[in-house]
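S.K.: Below you'll find the structure I mean.
What follows is calculated from the coordinates using simple rules that are stated; it is not laboratory data. Please read all numbers here as calculations on a predicted model, not as lab measurements. Neighbour counts are summed over all protein chains in view; Cβ atoms, including those assigned to glycine, are modelled from backbone coordinates with ideal geometry.
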């Protein structure tokens, strides 16, 4: 089995963290690599950034199809280009917000999202509604994506503690791929499950491939009609 995690931004250092967290959870016999988009923004923190990240993401999906990749993870919490990627890919594609929210729903009655900038909260709420997930609140730590480092843990934990009390939630979902390496430490300090979407989505894709399940091409996710593009 060959899986690929795609970072839709162009920051290779962030891809390295994402790849490390994804590799930590894959099973024996699974080959995994991570790709950084060749075009797009250095970080994704707005609707504009998301829109510009999609062409580079789709180019990586197309490359994966030529190389025989079996399944993909979109490593951005906005899940940009998810529907389009499913049209292109023969195997399953899962976004990290999608994977994290579904995982959180299995270990608690409700969850809170701790994300980066305040302006991204609306997108997280929108995705929770789309996925039918029991999200009770979205909270921003106001740390830009490229400033996330081990030092951000204290702020994330403090905000997570406030969210658990205010929202009466059972689980924290980390709302950025750049937070992936902080999940275990945050969980230990908060005493509740803290879900990293990179790990959750990677295992979900691996499970779908193992089950022989692919994205249905019966209707909406059929390959896009052939036409000229400029």
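S.K.: Given axes a ≥ b ≥ c from the Cα gyration tensor, I'd like to know whether region 1-131 is rounded (a/c under 1.5), prolate (a/b larger than b/c) or oblate.
M.R.: Oblate, since a/c reaches 1.5 and b/c is not below a/b.
S.K.: Go ahead and estimate [θ] at 222 nm for the chain from helices alone: -39,500 (n - 2.57) per DSSP H run with n ≥ 4, summed, over the residue count, rounded to 500.
M.R.: -13500 deg cm²/dmol
S.K.: Sticking with this structure for a sec: Quote to one decimal, in nm, the extra length available between residue 229 and residue 109 on full extension: 0.36 nm per residue of separation minus the C-alpha distance between them.
M.R.: Fully extending the segment from residue 229 to residue 109 adds 38.6 nm.
S.K.: OK, next. Mind telling me which of 182, 106, 32 comes out most flexible in a GNM of the chain, alpha-carbon contacts under 10 Å?
M.R.: Its mean-square fluctuation being the largest, the pick is 106.
S.K.: A further question follows. What distance in nm separates the two pseudo spin-label positions at residue 12 and residue 185, each 7 Å out from Cα along the beta-carbon direction?
M.R.: Here the modelled spin labels are 2.5 nm apart.
S.K.: A further question on this structure: If you build the Cα gyration tensor of the chain and take the root of 5 times each eigenvalue, what three semi-axes come out, in whole angstrom, biggest first?
M.R.: In descending order the semi-axes read 28, 18, 17 Å.
S.K.: To the nearest 0.05, what FRET efficiency results for residue 2 and residue 165 with a Förster distance of 30 Å applied to their C-beta separation?
M.R.: That gives a FRET efficiency of 0.10.
S.K.: Helix 96-107 against the longest principal axis of the chain: what's the angle in degrees, Cα atoms only, rounded to the nearest 10?
M.R.: Rounded to the nearest ten degrees, it is 50.
S.K.: Along the Cα-to-C-beta direction of residue 42, a point sits 7 Å from the Cα; which residues of region 125-147 have their amide N less than 17 Å from that point?
M.R.: 143-147
S.K.: Still on this structure, I have one more. Given labels modelled 7 Å from the Cα in the Cβ direction, how far is it in nm from residue 154 to residue 220?
M.R.: Reported label-point gap for residue 154 and residue 220 is 4.5 nm.
S.K.: So if we plug the beta-carbon distance of residue 207 and residue 20 into 1/(1 + (r/R0)^6) with R0 = 22 Å, what FRET efficiency do we get, rounded to 0.05?
M.R.: Plugging the Cβ-Cβ distance into 1/(1 + (r/R0)^6) gives 0.60.
S.K.: When only Cα pairs under 8 Å and 6 or more residues apart are kept, what is the percent relative contact order across the chain?
M.R.: It rounds to 23 percent for the chain.
S.K.: Give the span of region 97-196's Cα atoms along each principal axis, as three whole-Å numbers ordered largest to smallest.
M.R.: Principal-axis extents of region 97-196 (Cα, largest first): 32, 28, 23 Å.
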